[in-house]
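First comes the structure, then the notes that go with it.
The values are calculated or read from the model by the stated rules, or taken from the named source; none is laboratory data. The structure presented is a predicted model; accordingly, all values stated were derived computationally and were not measured. Neighbour counts run over all protein chains shown; Cβ positions are idealised from the backbone, glycine included.
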Amino acid sequence: MRAVDDTKDPMKDLMPIGWILGILAAALTWISEVILVIGVLTREGSHSAEWTKKYDTWQERFRVMNNFSDPDSAPMILDQLEGDYSFQGFLVAEGLMESMACVAAICCLMALKAQMNYRRPADERELVMYSCFLIGLLIPLLEFSMRAGPVSFVSWVGSEIVKDQEGSTETTVFRGFTDTHIQMMGLMLQTTESLFTWLNVLADLLLGLGFFQLSFIASTRAKIIVDDKTRLLGLWTAGIFFLTALFGILRESATFVGDEGWVLFDLLGLATSVVLGVFLVPTYFVFLGIGLGKVASIEDLNRDLSDAVTYIGEATASDVAAGQAAKQAAEEAETVNPVADGADEMES
């Protein structure tokens, strides 16, 4: 009989890779939101107490900053840049966590693709779905890479200008800035924000399409991974992504909605973004990771069962072969031992 193989596979102690990626994507998303919340709570505000006292509402401060003929425009822009400079560390950390979460989400979706296309190739619908996810999740990485640099640099320049105007004895790199220079810096920041606003609108549309298609395709081709609960959550996530994209489009269409509409859709877009970043998207990847973990555990169970059946079959065949060999040996012993046969005849 074959000896039992007691060697332990070290890979069996590891959690399924799909489960790890799903939980990691959710955890990194939550961490990024926590960092952002901590930064907002510890920040004194976008303006110092002096300007907050002079202009009560943020709408009034925004109007004054963008009125380049107002004498308070440049000082308020400079005050905002100085406040943004102290807030940049939190924004960079949040952007890094969000970028890593996007990478983990892409890898988790590739793990899902490996399971869905294990016995059948991907068709056109699946390829379109994965393309929407890939482009939509790569845009936040692009935004972080191209946005953090200009915003951080302009904020640093603003802090240097403040030191120069206050007559600081510290080394200052930038000197001699006029109000016009400062106003142009503020306008450049708004232009950068507008650029990435439209990139985010595109990302929201693509991710909405991706979640919408995934809810129907994966629920029929990978039912054990994407169950009814995950499918329903995916549909809700797709709907909120579409709403966020719509609010972003309306917010930037100031010609049609006016200033009051801009404020309204900016707040609505912020609210839906919070719902997506804090609740829907991380929870979806938790469910997806759990589903991928189910598939890996079932595969392990089937593999162990197959190994056990194979072992029992080999052991049974070995026992049968041993019994037949023993019977054949006994029969041969009887035919080749005449002394024993003669003794039996004498006794009779």
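Quick check, is Ile35 of a type outside the set (Ser, Thr, Tyr), more than 28 Å from Phe174 (Cα to Cα), in contact with an Asp or Glu (Cβ under 8 Å, 6 or more places away or on another chain) and modelled with pLDDT of 90 or more? Reasoning before the result, please.
Working: of a type outside the set (Ser, Thr, Tyr): yes; more than 28 Å from Phe174 (Cα to Cα): yes; in contact with an Asp or Glu (Cβ under 8 Å, 6 or more places away or on another chain): yes; modelled with pLDDT of 90 or more: yes.
Yes.
Any residue at all in the range 61-74 that is at positive phi, in a loop (DSSP other than H, G, I, E, B) and either touching a helix residue (DSSP H, G or I) at 6+ places or on another chain (Cβ under 9 Å) or β-branched (Val, Ile, Thr) (or both)?
no
Restricting attention to the range 56-83, and to residues there that are closer than 17 Å to Arg43 by Cβ and of a type in the set (Asp, Glu), which single residue is surrounded by the fewest Cβ atoms within 10 Å (Cβ to Cβ)?
Glu82
Please verify whether Arg147 is surrounded by 16 or more Cβ atoms within 10 Å (Cβ to Cβ) and more than 30 Å from Val295 (Cβ to Cβ), treating the condition exactly as stated.
It is true that Arg147 is surrounded by 16 or more Cβ atoms within 10 Å (Cβ to Cβ) and more than 30 Å from Val295 (Cβ to Cβ).
Of the residues Thr192, Thr172, which is surrounded by 14 or more Cβ atoms within 10 Å (Cβ to Cβ), part of a loop (DSSP other than H, G, I, E, B), at pLDDT below 90 and in contact with a Lys or Arg (Cβ under 7 Å, 6 or more places away or on another chain)?
The match here is Thr172.
Which residues, taken from the range 226-252, are among the acidic types (Asp, Glu) and either modelled with pLDDT of 95 or more or closer than 27 Å to Gly293 by Cα (or both)?
Those that are among the acidic types (Asp, Glu) and either modelled with pLDDT of 95 or more or closer than 27 Å to Gly293 by Cα (or both): Asp227, Asp228.
In the list Thr237, Thr220, Thr244, which residue meets the criterion of being out of contact with any Ser or Thr (no Cβ under 6 Å at 6 or more places or on another chain), surrounded by 17 or more Cβ atoms within 10 Å (Cβ to Cβ) and of a type in the set (S, T, N, Q)?
Thr237
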